[in-house]
Amino acid sequence: MNVETRTKEPGFRESVDLMFNRAVSLMSLPEGLEEKIRVCNATYTVRFGVRLRGAIHTFTGYRSVHSEHMEPVKGGIRYALSVNQNEVEALAALMTYKCALVETPFGGSKGGLCIDPREYTEHELEMITRRFAYELAKRDLIDPSQNVPAPDMGTGEREMAWIADQYRRMNTTDINANACVTGKPIHAGGIQGRVEATGRGVEYALQEFFRHPDDVKMAGLSGGLDGKRVIVQGLGNVGYHAAKFLSEEDGAKITGVVERDGGIYSEQGLNVEAVRAWIVKHGGVKGYPEGTFVEDGAVLLEEECDILVPAAMEGVIHLGNAARIKAPLIIEAANGPITAGADEILREKGTVIIPDLYANAGGVTVSYFEWVKNLSHIRFGRMQRRQEEARHQLVVDELERLSRDSGIGWTISPGFKDRYLKGAGELELVRSGLDDTMRAAYQSMREVWHDREEVRDLRVAAYLVAIGRVAKSYQAKGL
Ligand code: NAD
């Protein structure tokens, strides 16, 4: 993109504020409350040293708390070289609105460490992560009742397990120590379905969107997800799971995958598992035997498709390419992939955008379930599963007896018995809770989108619902 165009773009933090301002201009909040909600309460910067390869290396990290209208505050920790204060604050603000929209009882926070994790060995990363966690925990910026991090770009279950262990070492008598961070592996206090949660949430969001023919029509589309052509940017945690479920379960066709080193495109649809395996083995999509490779992957964002899923990072759809984006429907699986300027261009064109604060809320929703599980010290479904199965068995036995005794000779369809008799385990309950959350949040946005004439898009609708809830919470405190 031309440098002049780029410099006209507001930064990520300003973009979030511009979107916030667009929504609050349609609200009548008590004087001063708008400012109170918009600003970030505090951002802590830490610089710490770790001895690696015979020398001391200094790292810079952040933890920003946007709003404490509810505590604990919640938000991921990102490892990337691009991490900076502005970015962390923008992401913390998005967390506040996201949690309010999907009704998870948290304020918003976010953390980041300026580091390229690919440059370090696993042992080195563990030492760096433990030291970062120590710095945050000693200031209550990791704490089950005050601040609960989660994975984000460049971090995953492994880092969360180190953080939880570090907190436990520092708080040996805290019975709720496991609830200090979410996204942990199952064997370290995690919950089934957390790894897939954000991508699964993207799938549930699209399923809900396609349940409303009026909304689908607004995007110039028709029918359901089956056969829809989808281009995904970033086949990491979020993008991979979203692409996998959409193709395997909903019949969508993944026609394009964009990664750091380029993109691949195939009209027939790509095999998501095979592409992912290739990326894991080769570090990128280059050389993948199926489809056509393009060196400048970003041009694939401009390719014809039905649904565009930016799932990598912020600011990838900007003033420089927005006008050329052909997808009639964009779902923001990443945080902030569309800049405020691009958002305006796309809205003018009639593109329907399912906004980040809703679209990728699956992660924080299942993190909420994990936090509750940790605090209750019991796995979901443990008490009721077998009892549920026993009651279902009674019904099946009775149906079989009736059929036999009456001589009608009914038989139960194949597979019914197994499916009906299986009581819900943790994974089924988590998916059910996530699906319910995504449906309810969509409906709350949709109502505002359709009922208020001045609301023309889902993003403003989402912000209106979220800010309204945060405002109510502040007002209830007497602020
Ligand atoms: P990740 O690190 O697992 O995956 C990111 C993927 O994007 C990687 O495959 C990477 O190679 C690719 N990528 C990076 N830069 C790229 C570029 N310039 N062009 C194309 N591809 C690029 O990260 P993730 O956890 O999947 O997060 C992705 C986005 O989703 C971020 O915006 C994050 O904030 C957001 N998000 C993540 C979660 C979560 O639970 N992990 C929850 C909510 C939101």
Legend entry - Close pairs from the stretch 174-192: first among the charged types (D, E, K, R), partner open to solvent by 10 Å² or more (accessible area, probe 1.4 Å), Cβ under 7 Å, at least 6 apart: Lys184/Glu157; Lys184/Ala161
Inset, instruction - Scan the stretch 33-45 for residues that are over 14 Å from Val470 (Cα atoms) and more than 26 Å from the chain's Cα centre (by Cα) and jot them down. - result: none
Legend entry - Count - residues of the stretch 104-115 that are over 17 Å from Arg78 (Cα atoms) and surrounded by 15 or more Cβ atoms within 10 Å (Cβ to Cβ): 3
Legend entry - Among (1) of a type in the set (D, E, K, R); (2) touching a helix residue (DSSP H, G or I) at 6+ places or on another chain (Cβ under 7 Å); (3) open to solvent by 10 Å² or more (accessible area, probe 1.4 Å) - the single one Arg53 does not satisfy: (2)
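I'd like the full set of residues that are open to solvent by 20 Å² or more (accessible area, probe 1.4 Å) and either touching a residue at least 24 places away in the same chain (Cβ under 8 Å) or among the basic types (Lys, Arg) (or both), limited to the stretch 18-33.
Residues satisfying the conditions are Leu18, Arg22, Leu26, Met27, Leu29, Pro30.
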Legend entry - Failed criterion for Arg118 (all others in (1) open to solvent by 30 Å² or more (accessible area, probe 1.4 Å); (2) touching a residue at least 24 places away in the same chain (Cβ under 8 Å) hold): (2)
Inset, instruction - Could you look through the stretch 329-376, keep only residues that are of a type in the set (D, E, K, R) and more than 30 Å from Gly189 (Cα to Cα), and pick out the one that is nearest to the ligand (Cβ to nearest atom)? - result: Asp343
Legend entry - Spans of helices (runs of 4 or more DSSP H) in the stretch 197-249 with at least 2 residues under 21 Å from Arg446 (Cα atoms) and touching a His at 6+ places or on another chain (Cβ under 8 Å): 197-209
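Going by the conditions given, is Val430 in contact with a helix residue (DSSP H, G or I) (Cβ under 7 Å, 6 or more places away or on another chain) and part of a helix (DSSP H, G or I)?
Yes; evaluated as a whole, the condition is true for this residue.
Scan the stretch 187-218 residue by residue and report those that are away from the ligand (no atom under 16 Å from the Cβ) and open to solvent by 10 Å² or more (accessible area, probe 1.4 Å). Before you say what the answer is, go through the steps one by one.
So the first thing to find is which residues in the stretch 187-218 are away from the ligand (no atom under 16 Å from the Cβ), and the list is 187-189, 207-218.
Listed by number, the residues that qualify are His187, Ala188, Gly189, Gln207, Phe210, Arg211, His212, Pro213, Asp214, Lys217, Met218.
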Inset, instruction - Filter the stretch 141-193 down to the residues that are of a type in the set (S, T, N, Q) and not in a loop (DSSP other than H, G, I, E, B), then identify the one that is farthest from the chain's Cα centre (by Cα). - result: Gln166
Inset, instruction - For residues that are within 16 Å of the ligand (Cβ to nearest atom) and of a type in the set (Asp, Glu), scanning just the stretch 151-173, find the one that is modelled with the lowest pLDDT. - result: Asp152
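Can you pull out the strands (runs of 3 or more DSSP E) entirely within the stretch 35-103 that have at least 3 residues that are away from the ligand (no atom under 14 Å from the Cβ) and among the aliphatic types (A, V, I, L, M)?
On the way: elements: 42-52, 55-67, 73-80.
Result: 42-52, 55-67.
The values are calculated or read from the model by the stated rules, or taken from the named source; none is laboratory data. Just so it is clear, the structure is predicted and the values come from calculations on it, not from any experiment. As a convention, Cβ positions derive from the backbone with ideal geometry for all residues, glycine included, and neighbour counts pool all protein chains shown. What goes into the accessible areas is simple: the full protein's heavy atoms, side chains included, and nothing from ligands, DNA or RNA. Shrake-Rupley method; radii C 1.70, N 1.55, O 1.52, S 1.80 Å.
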